[in-house]
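So the structure is just underneath, and the comments pick up after that.
The values are calculated or read from the model by the stated rules, or taken from the named source; none is laboratory data. Just so we're clear, the structure is a prediction, and the values are computed from it rather than from any experiment. Because the Cβ atoms are built from the backbone with ideal geometry, glycine has one as well, and the counts that use them run over all protein chains shown. Side chains included, ligands, DNA and RNA excluded: accessible areas come from the protein's heavy atoms. Shrake-Rupley method; radii C 1.70, N 1.55, O 1.52, S 1.80 Å.
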Amino acid sequence: MFPFCGEPVLTSSDFTPPAHKDRPSKGRRFLRLIGGALDPRAWLHLVRIVNHYNHTHVVPRRRLTLGVGAQISPTAAFSYPERISAGRGLHVGADCVIWAGPARGRIVMGDHVLMGPGVLVTAANYRFNDGQPVTDQAMDESDVIIGNDVWLGARAMVMPGVTIGDGAIIGAGSVVTSDIPPMTIAAGVPAKVISQRELQKT
């Protein structure tokens, strides 16, 4: 079969065979283990990890204002915890980040707030028109209020100044930039109300 006019003619040298993952032998894996255990850089990195964990979780958690029954993943991180409070039965999933403002921005949560893994709630954000770099600029701060029985789905983001009403549900991966009414279901980027929550009467 002849190639169409203008099409390049491919030869066997144009094809690269598929690659395979390296599968080291037991001996190589053992030598790699010994090398890692003797590498001072690995121990220095371990010290950095412990310091980071202490700075972002262990010490801040002691300064949170929490109601009874809080369950918080050991991988959750907090910033300015003196301005973070929650009612009874808070559930914070793995890798959640809860950042209050550096000066006045508060995060206030009601009873039985549930956060899936990877949720971000922040009461501050960098300004971006004052100069460069961004990290040298001041931060705009505004309180975040999360009502009772609110569920934030995995990797949802709640931005400064937002109020989420009682009983609301925020879909996974949503970015909440404006207020969400009580007993609604919101999703999207930015999050918008897509449905109502209707509790069955017992």
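Observations, loosely collected:
- Where strands (runs of 3 or more DSSP E) fall wholly inside the range 113-152, the ranges with 3 or more residues that are under 20 Å from ALA100 (Cβ atoms) and open to solvent by 20 Å² or more (accessible area, probe 1.4 Å) are 139-141.
- Any pair with Cβ under 6 angstrom, 6 or more apart, that starts in the range 53-67 at a residue that is touching a residue at least 12 places away in the same chain (Cβ under 8 Å) and closer than 11 Å to SER79 by Cα and ends at one that is open to solvent by 40 Å² or more (accessible area, probe 1.4 Å) and part of a helix (DSSP H, G or I): ARG63/GLU82
- Residues in the range 139-169 that are farther than 19 Å from ILE84 by Cβ and among the β-branched types (Val, Ile, Thr): 1 in all.
- For the range 46-78, taking the residues that are among the polar types (S, T, N, Q) and open to solvent by 90 Å² or more (accessible area, probe 1.4 Å), the one that is modelled with the lowest pLDDT is identified as ASN51.
- The range 63-79: number of residues that are within 19 Å of ALA94 (Cα to Cα), more than 14 Å from the chain's Cα centre (by Cα) and not in a strand (DSSP E or B): 3
- Considering residues of the range 17-31 that are not in a loop (DSSP other than H, G, I, E, B) and not basic (Lys, Arg) only, the residue least open to solvent (accessible area, probe 1.4 Å): GLY27
- Pair list, Cβ < 7 Å and 6+ apart or interchain, from the range 119-138 residues that are farther than 22 Å from ARG83 by Cα to residues that are modelled with pLDDT under 90 and loosely packed, with under 10 Cβ neighbours inside 10 Å: none
- None of GLN196, GLN200 is over 18 Å from CYS96 (Cα atoms), open to solvent by 60 Å² or more (accessible area, probe 1.4 Å) and without any contact (Cβ under 8 Å) to a residue 12 or more places away in the chain except GLN200.
- Subset tally (residues that are surrounded by fewer than 17 Cβ atoms within 10 Å (Cβ to Cβ) and of a type in the set (A, V, I, L, M, F, W, C)) for the range 98-112: 1
- Applying the criterion of being in a loop (DSSP other than H, G, I, E, B) and within 22 Å of GLY101 (Cβ to Cβ) to the residues of the range 175-192, the residue that is most open to solvent (accessible area, probe 1.4 Å) is ASP179.
- Given (1) acidic (Asp, Glu); (2) modelled with pLDDT of 95 or more; (3) in contact with a helix residue (DSSP H, G or I) (Cβ under 9 Å, 6 or more places away or on another chain), index of the condition ASP130 fails: (2)
- Residues of the range 81-99 classified as in a loop (DSSP other than H, G, I, E, B), touching a residue at least 24 places away in the same chain (Cβ under 8 Å) and within 19 Å of TYR53 (Cβ to Cβ), total: 3
- Tallying residues that are open to solvent by less than 30 Å² (accessible area, probe 1.4 Å) and in contact with a Gly (Cβ under 8 Å, 6 or more places away or on another chain) within the range 153-163 yields 2.
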